[in-house]
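Note sheet for the following structure.
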Amino acid sequence: MSLPVVVIAGRPNVGKSTLFNRLAGRRVALVADTPGVTRDRKEAEALMRGRHVQLIDTAGLEEAAPDTLAGRMTDSSAAAVHLADLVLFVVDARAGITPADEHFAQWLRRQGRQVMVVANKAEGRSASSSVLDGWSLGLGEPCAVSAEHGEGISDLMSEIVERLPPLPEEVEDSGTAERPLKLAIVGRPNAGKSTLLNRLLGQERQLVGPEPGLTRDAIAVIITDTDGYQIELVDTAGLRKRARVELELEKMSVSAAIQALKMAEVVVLTLDAVEGVNDQDLQIARLVEREGRACVVVLNKWDAVPDRNAARKAAAERLEESLAQMKGIAMVTISALTGAGIDKLLPAVRAAHAVWNTRIPTGELNRWFERALARHPPPMVSGRRLKLRYVTQAKARPPTFITFGTRAEKIPEDYQRYLVNSLRESFDLPGTPIRLELRGTKNPFVES
């Protein structure tokens, strides 16, 4: 059963994202004093008075030419309004009703959607007269709130629930639905991440354009692929070199992108195939590895590559050389703009997810361990040979193994790499991070 949709709309800097976070009950959208922070629609499920609703935060409504960034943002907000069961039209109670508010209130009346005026920033006596001015918009009684301080939110939630469509008489909930696979799309600015998300969705969900850094927040949406699997896609802001991240808002965007990466199960690292693999791409890939996420590399803009064989070979060699800890990582060539190769991406994502979830039976694991030790015995350290006794898998997601033995913690890194590579080859674990922990056993004849 689809949830009722509540869309938050209004001109820039009236507190829409603050209200969105307050109603969602958690910090979901970026919030700053700078006007126009929100550029893409942001969605979250919220619980209000026992009713689950789908909240949508939108970019500020502005009068602008369609081909400008502001115009495209307004078009995206208008598309969200057309999905709404209820629109919360937010105005600034401190500033009072502006001509822009009046213009968009008139526009909302023509959309055939139920609209409720929310007068935000209404804390204190000075805002009370402006709240009453909200009647002039012709959209009914304004609801006074202070999203920043939480004032009036309880009454607003009650009013929202009263205006929602009634629940069906019978709601079936089998409780057997699988949790969606969490997939984050990351990469440098202007690599085509938002275009890729739009292509996977089959609609212009995210703002795209020639301007780098259009996406500021981590935007999540759920899709169902051709095989019926649910995937929660998260588009993120571009990750630049840390030294070049100066503005506070960009720092917040980068933080949201990294948090989305940490919460993901699989990461799609989107590269610009025309430019090739650069150092920042590798830094992002190493972050993916450190966080233990499964990864699929996408070479985007493949339609614009003049020598595809050379580009593929160069990318593969650079990744193999610099990401030895993720050897065999899947690489998919696509054009998000034209859709070429896009059908190969989600199967590659599911395959990477399956490898990331691999569990190896203990018997098979220890038979492999015996063969690996026989082929290359542990080296001598300080004139004494290390004795490794057995190995076990502690967990999956990513595959994590613990090796026990006398002075096992002294094993050199090159021998650890040998064991990890042997694990990867023997049990077909391409591309996924593999964790190997070493635990020594005490010699009972040595006094502590």
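The values are calculated or read from the model by the stated rules, or taken from the named source; none is laboratory data. Model, not experiment: these values are computed from the prediction. A quick note on method: Cβ atoms are made from the backbone with ideal geometry, for glycine too, and the neighbour counts reach across all protein chains shown.
Some points to look at:
- Residue match in region 329-342 (condition: under 17 Å from Leu269 (Cα atoms), out of contact with any Gly (no Cβ under 8 Å at 6 or more places or on another chain) and among the aliphatic types (A, V, I, L, M)): yes
- Members of region 137-157 that are among the polar types (S, T, N, Q) and modelled with pLDDT under 85: Ser154
- Residue within region 290-313 that is within 20 Å of His353 (Cβ to Cβ), part of a loop (DSSP other than H, G, I, E, B), touching a strand residue (DSSP E or B) at 6+ places or on another chain (Cβ under 6 Å) and of a type in the set (Gly, Ala, Ser) present: no
- Matching option when the condition is of a type in the set (Gly, Ala, Ser) and at pLDDT below 85, among Gly112, Gly96: Gly112
- Among the residues making up region 289-309, those that are under 15 Å from the mean Cα position of the chain (by Cα) and either at pLDDT below 90 or small (Gly, Ala, Ser) (or both) are Glu291, Ala294.
- Some residue of region 393-400 being touching a residue at least 60 places away in the same chain (Cβ under 8 Å), closer than 26 Å to Trp356 by Cβ and part of a helix (DSSP H, G or I): no
- Within region 105-116, residues that are among the polar types (S, T, N, Q) reach partners that are in a helix (DSSP H, G or I) and crowded, with 19+ Cβ neighbours inside 10 Å with beta carbons closer than 8 Å, at six or more positions or on different chains, in the pairs Gln111/Val81.
- Selection over region 286-304 of residues that are farther than 16 Å from Leu319 by Cβ and of a type in the set (Gly, Ala, Ser) gives a count of 2.
- Hits in region 262-287 (condition: more than 13 Å from the chain's Cα centre (by Cα) and within 24 Å of Ala396 (Cβ to Cβ)): Ile284, Ala285, Arg286, Leu287
- Odd one out for Phe369, checked against (1) outside the structural domain of Pro433 (by TED's automatic domain parsing); (2) assigned to a helix (DSSP H, G or I): (1)
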